[in-house]
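Take a look at the structure set out below.
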Amino acid sequence: MTAARYRALMASRRGGQTAPAAAARKKTAPKKPPPDPPATPPPPAVEPLLVGLPSPGRHWTLLMPYAEKMLTSNKRYPHWSVEHRIRKRLRADATSLIKPMDVPRLQHAAIYYVLHPRKLNRSRDPGNWAPTAKAYVDGLVTPNPDLPHLRHLLPDDDHEHLLGPYPLMGAPVETGLARMSLVIVELHGPLTSVKGETVTGTGIPTYKS
């Protein structure tokens, strides 16, 4: 067999073997079904939350916009910029939601964040979603672009004006990813005392300086 015939034979064999492989590559993968639409969870019960608060007043429940990515204390990101983009998006969602709603500027408030998890057979810790709640609270008190000396909800989110945000577990969502609600409760009067006493006046000191 000459070299030319040998090359022709090997070429024909390679062509015969690659044809099925090429045909297999042409097969398209099955299309994924469209994602389920985000569900609207039932609002959390507010009355039990008011019992332990000092001088509660009006309250509002905000269902935060659906977000495919939320921050958790268990999640590690490859670069700080990824987390920064998610936090910026969450803050913007809270700011856009509080603007059109009839929520006045408050001096003191308590905030609960209610996690509505996906329906999975495993335990959930709503405290792990504290970074998301913090981003939402930051968005609620972000300085107003039109009035830089004012803020949307509170003068500040420090301990003198805000209690919380406190974690709660809410009803799971039927479809889509987890969602979050915020319960804002107006409080009458200061949150701390210059004498170091509790706001309710019923605390018993357990240590002395």
*Sole exception among (1) part of a loop (DSSP other than H, G, I, E, B); (2) more than 20 Å from the chain's Cα centre (by Cα); (3) closer than 20 Å to A130 by Cα for P44, by number*: (2)
*Would you confirm whether any residue within the range 102-120 is surrounded by 14 or more Cβ atoms within 10 Å (Cβ to Cβ), closer than 25 Å to H188 by Cβ, free of Cβ contacts under 8 Å to residues at least 60 places away in the same chain and not polar (S, T, N, Q)?*
no
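Can you tell which of L62, L71 is modelled with pLDDT under 90 and closer than 26 Å to R151 by Cα? If you could, list the steps in order and put the result at the bottom.
Details: L62 fails: modelled with pLDDT under 90.
Of L62, L71, the one residue that is modelled with pLDDT under 90 and closer than 26 Å to R151 by Cα is L71.
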*How many residues does the range 115-143 hold that are farther than 19 Å from N74 by Cβ and either in contact with a Phe, Trp or Tyr (Cβ under 8 Å, 6 or more places away or on another chain) or assigned to a strand (DSSP E or B) (or both)?*
1
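Just checking, does the range 147-166 include any residue being part of a loop (DSSP other than H, G, I, E, B), of a type in the set (A, V, I, L, M, F, W, C), modelled with pLDDT of 80 or more and crowded, with 17+ Cβ neighbours inside 10 Å?
yes
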*Would you please name the residue that is surrounded by the fewest Cβ atoms within 10 Å (Cβ to Cβ), looking only at residues in the range 47-83 that are acidic (D, E) and without any contact (Cβ under 8 Å) to a residue 24 or more places away in the chain?*
E47
*Tell me which residues, restricted to the range 94-116, are within 17 Å of the chain's Cα centre (by Cα) and modelled with pLDDT of 90 or more.*
A94, I111, Y112, Y113, V114, L115, H116
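The values are calculated or read from the model by the stated rules, or taken from the named source; none is laboratory data. Not measured: the values here are computed from a predicted model. Glycine also receives a Cβ, built like all others from the backbone with ideal geometry; neighbour counts cover every protein chain displayed.
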